[in-house]
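Undergrad: One structure, pasted below without further comment.
The values are calculated or read from the model by the stated rules, or taken from the named source; none is laboratory data. Remember, it's a predicted structure, so these values are computed and weren't measured experimentally. Because the Cβ atoms are built from the backbone with ideal geometry, glycine has one as well, and the counts that use them run over all protein chains shown.
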């Protein structure tokens, strides 16, 4: 394991992939990995990219990777697959576009499923991002479809959250409703050559005028990822946000909030394992049958188990 | 609280609504409610209805409610809202159709959000279903969009899981991929007057021939919820599945599995509260700053907290 870590920290992609697989499996060994990884983290800039299916996130990511590479930066990518029964396939197809970069030694691309592993999607994804950070990737892109709470949780662990919109999907209104405005640091209107793109950008700006002013006003840029137009400005916006985070109180409190989430996730996961073990032992004694007969109830049983394992 | 419970158990809709609100808030009082409710549960048949957005689930539910009411059954409905930034609005609109039943004293309809409450979506939804069961609803319909793990978890707590498909959405192929076949007990091809409906039904049957045979073979029925055609057969299929569950080993093991989930959910929720309290206390001491400086790491801190609270 020490050798594996050493190789990964030196940038060996196969070793990095193995570490990510370990944390993805969420076995107890992953805890040891994360302890050793953690001191090396804190240098990468994590960029979350989210938006509706069909908004062109993968094409946009691909363009961003190319631009970062041309600047000599190493780029890690975690593509979160919602593994939804209804959308899974289409998303995988889109991501083939990103594969053009996978042979580049300075790019590491990994797909992660979102089907409920113990500790949840955000836990494993965040740990994978920390591994890429420790292993010397300057930028870590987390790409996810903006559907469902777990996906929102993922982008929340990013330093800079980029929300991709496209004309003609009615997203502008939807976003206001759901309050996702609050987590977006950078807005991108993709497919800017389509009718209505300017209108979407204008609508976002109006919304930003309405909500209470915060120290960082999210920039809005028009992009055509397909044609490669507007990518420079997109990256400049990301970099501006990074600089803002580095010097502001807001940035400091976000770093602290991140750490809180890391501790809480870790704690909840450990404690769940312990609770499951205690329940496994209890279950042997036919307690389920007694609950089925309504002689007792699940809540009383849980409370009794807790009394036994907690100090 | 005793009076509230008494009124709810006697069928008073306002009292029932208040109990559901209590468990939805997931405060500690909800534990007491569930303990008192539980002995009265186990009579209702819980029907999960899931499928893609636009599959016509709400219209189908509405038809099913009308049919069940004509048979003199009391019906509870829990409409789970994914509260997704991208789909939230549309779904709420569809559900207005169901409201025609809300004035019927034999029908109780409740929308629940899926935004991550403590203990998760499935916990609160399942507890709400148990309340409706205890309060005398013969059928409890849980309607949810089949997107995301948490929604899949919800339908898993249903006695009979109904999967609604429509022609022209490519769902037939998607479903095979994602393994949702395994949780569907009844298939419905809605909008059966559209081209391709027979093909979807045939495809499902082919899939059922391919997967390893199980004692219950899910029936497939063609329905037009909009026109009210095929609803009788749909209900017959649900009833057949109910009878199967009542007499089979499969049914027994599902009831036991449900109980296990109830205990585990309750346990994890209680233990999370305890862990959060322990972490709150710890946090005061500037531990986040030490983690930020990489003097320690979140995993070690979590492990130390656990050592302190566990026997």
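Undergrad: Identify the residue in region A:37-49 that is more than 9 Å from chain B (Cβ to nearest Cβ) and surrounded by 18 or more Cβ atoms within 10 Å (Cβ to Cβ) and, among all such residues, is farthest from residue A:132 (Cα to Cα).
TA: Checked region A:37-49; the qualifying residue farthest from residue A:132 (Cα to Cα) is A:49.
Undergrad: So, of the residues in region B:220-238 that are in a loop (DSSP other than H, G, I, E, B) and in contact with a strand residue (DSSP E or B) (Cβ under 6 Å, 6 or more places away or on another chain), which turns out to be nearest to residue B:167 (Cα to Cα)?
TA: B:223
Undergrad: Given the conditions (1) under 30 Å from residue A:11 (Cα atoms); (2) touching a helix residue (DSSP H, G or I) at 6+ places or on another chain (Cβ under 9 Å); (3) at pLDDT 90 or above; (4) assigned to a helix (DSSP H, G or I), report the number of the one that residue A:250 does not fulfil.
TA: (1)
Undergrad: Still on this structure, please answer the following. Do any residues in region B:20-31 that are at negative phi have Cβ atoms under 7 Å from those of residues that are buried (at least 17 other Cβ atoms within 10 Å of the Cβ) and not in a helix (DSSP H, G or I), where the two are at least six apart or on different chains, and which pairs are they?
TA: Matching pairs, first to second residue: B:20/B:110; B:24/B:112.
Undergrad: Give me the residue from region B:279-292 that is at pLDDT 85 or above and in contact with a helix residue (DSSP H, G or I) (Cβ under 7 Å, 6 or more places away or on another chain) and, out of that set, farthest from the other protein chains (Cβ to nearest Cβ).
TA: Per the criteria, the residue is B:287.
Undergrad: Give the residues of region B:13-57 that are in a loop (DSSP other than H, G, I, E, B) and in contact with a helix residue (DSSP H, G or I) (Cβ under 9 Å, 6 or more places away or on another chain), sorted by residue number.
TA: Matches in region B:13-57: B:26, B:28, B:41, B:42, B:43, B:44, B:52, B:53, B:54, B:55, B:56.
Undergrad: Still on this structure: Which of the residues that make up region B:293-311 are exposed (fewer than 15 other Cβ atoms within 10 Å of the Cβ), at pLDDT 85 or above and either within 35 Å of the chain's Cα centre (by Cα) or at the interface with chain A (Cβ under 7 Å from one of its Cβ atoms) (or both)?
TA: B:294
Undergrad: Continuing with the same structure: Tell me the residue from A:306, A:208, A:267, A:222 that is touching a helix residue (DSSP H, G or I) at 6+ places or on another chain (Cβ under 7 Å) and under 25 Å from residue A:64 (Cβ atoms), please.
TA: Answer to the check: A:222.
Undergrad: Just the residues that are in contact (Cβ under 8 Å) with a residue 24 or more places away in the chain and touching a helix residue (DSSP H, G or I) at 6+ places or on another chain (Cβ under 9 Å), please, taken from region A:3-12.
TA: Across region A:3-12, the qualifying residues are A:5, A:8, A:9.
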